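**Q** Here you go, one structure.
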Amino acid sequence: MTKFENQLPVLHHLAIIMDGNGRWAKERGLPRVAGHQQGVKTLVETVEECLEQRIGFLTVFAFSSENWGRPQPEVETLMGLLVEFLAAQRTKMLERGIRLKVIGDLERLSAQVKQSLQQAIRETDAGDTLTLTLALSYGGRDEIVRAARRIACRVTAGEITAAEINASDFEKSLDTYGLPDPDLLIRTSGELRISNFLLWQLAYAELYFVDVYWPDFGPIELRAALESYRQRRRRFGLTAEQMTQEDVLSNNAS
Ligand code: IPE
Ligand code: IPE
Ligand code: MG
């Protein structure tokens, strides 16, 4: 499939920075945990809408490497919500063909969380409708450093020479190996930054920032983001004229 059909950009992979749970709760006089609970509901709805929209890949930023620095009770709440989410969504994931994937430094997660994740990943392995990737204990810089380390080990082992390292090798060493690059990145809550998310992979993603907090981000807001994406004209460094040529379109196919 090409990235363009009838000159309109096709969306294979949607990435989301789910931000604003704490502020959503604070505005309602509730504890931050209430915002995170509501945020999980929004994630469930978003997965539903992605299935509806036939989006093949959804990657969500659920917990960053920097989020480990938050107060311990909040970290524990977030980990507990993750385990609950996996248990509650198990049947749906299997029925709907959702394949679960995780990116990030999983070594830092507790044994219980790791086990829940491994089980869900194993059970949903055959899913071929939607790949849901959770970025957990994830930082883009950390991922790049870990990739560099893996390649350095291959050089040390004599499998490749330093001069042979190319972008394709690098991509294969990233946690996201096997996923296409995101076409669209959405960030909720009004913040205009990437916060160390998918630094390598977002190179040519279209960006969409929206003021609503994540718990208030519903199907209507998601459809508005998709509509904005459809109006974009992606050029990947080429000219607009080149982008209308068939051969360029197929060269940019993913
Ligand atoms: C996003 O919401 C969820 C996580 C980072 C885990 P926040 O918890 O960052 O909410 P705000 O940004 O403080 O409102
Ligand atoms: C990014 O949000 C991480 C997640 C949504 C999981 P943060 O709330 O941690 O980012 P900053 O601190 O506003 O940049
Ligand atoms: Mg935040």
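**Q** For a quick check of understanding: with a 1.4 angstrom probe and all protein chains in place, what accessible area in square angstrom does Y177 have, to the nearest ten?
**A** Number for this one is 140 Å².
**Q** Another question about this same structure. Using the Kirkwood radius built from alpha carbon pairs, what does the Stokes-Einstein equation give as D for the range 67-194 at 20 °C and 1.002 mPa s, in µm² per second?
**A** 127
**Q** Another question, if that's okay. Largest first and in whole Å, what are the equivalent-ellipsoid semi-axes of the range 141-240 based on the Cα gyration tensor, each being the root of 5 times an eigenvalue?
**A** Three semi-axes, in Å: 34, 17, 10.
**Q** Could I ask something else about it? When only alpha-carbon atoms count, how far does the range 123-195 stretch along each of its three principal axes, as whole angstroms with the largest first?
**A** If we take the Cα atoms of the range 123-195, the spans are 46, 35, 22 Å.
**Q** State the percentage of accessible surface on the chain attributable to carbon and sulfur atoms; use a 1.4 Å probe and exclude ligands, DNA and RNA.
**A** Of all accessible area on the chain, carbon and sulfur atoms account for 51 percent.
**Q** For the chain, just say rounded, prolate or oblate: build the C-alpha gyration tensor, square-root its eigenvalues into a ≥ b ≥ c, call rounded for a/c under 1.5, and beyond that prolate if a/b exceeds b/c, oblate if not.
**A** oblate
**Q** Expressed as a rounded percentage, what relative contact order does the range 16-134 have, with Cα pairs under 8 Å and six or more residues apart?
**A** RCO, the range 16-134: 30 percent.
**Q** Return one quarter of the surface area of the convex hull spanned by the alpha-carbon atoms of the range 1-100, equal to its mean projected area, in nm².
**A** Averaged projected hull area, Cα only: 8.2 nm².
**Q** OK, next. Give me the percent of DSSP beta bridges within the chain that run antiparallel, rounded to the nearest 5.
**A** For the chain, the DSSP antiparallel bridge percentage is about 5.
**Q** Compute the relative contact order of the chain as a whole-number percentage, counting only Cα pairs closer than 8 Å that sit 6 or more residues apart in sequence.
**A** This gives 29 percent for the chain.
**Q** In addition: How big is the dipole moment of the chain about its Cα centre under a simple scheme where the beta carbon of each Lys and Arg is +1, that of each Asp and Glu is -1, and everything else is neutral? Debye, nearest 20, please.
**A** 400
**Q** Determine the sum of side-chain charges near R32: Lys and Arg each +1, Asp and Glu each -1, restricted to other residues whose C-beta is under 10 angstrom from that of R32.
**A** +2
**Q** Which whole-number value in Å² is the accessible area per residue of the range 1-103, probe 1.4 Å?
**A** Result: 48 Å² of accessible area for each residue.
The values are calculated or read from the model by the stated rules, or taken from the named source; none is laboratory data. Only a predicted model underlies this, so the values are computations on that prediction, with no experimental measurement involved. When we count neighbours, we look across all protein chains shown, and the Cβ atoms used for this are built from the backbone with ideal geometry, even at glycine. Note: areas computed on protein heavy atoms with side chains; ligands, DNA, RNA excluded. Shrake-Rupley method; radii C 1.70, N 1.55, O 1.52, S 1.80 Å.
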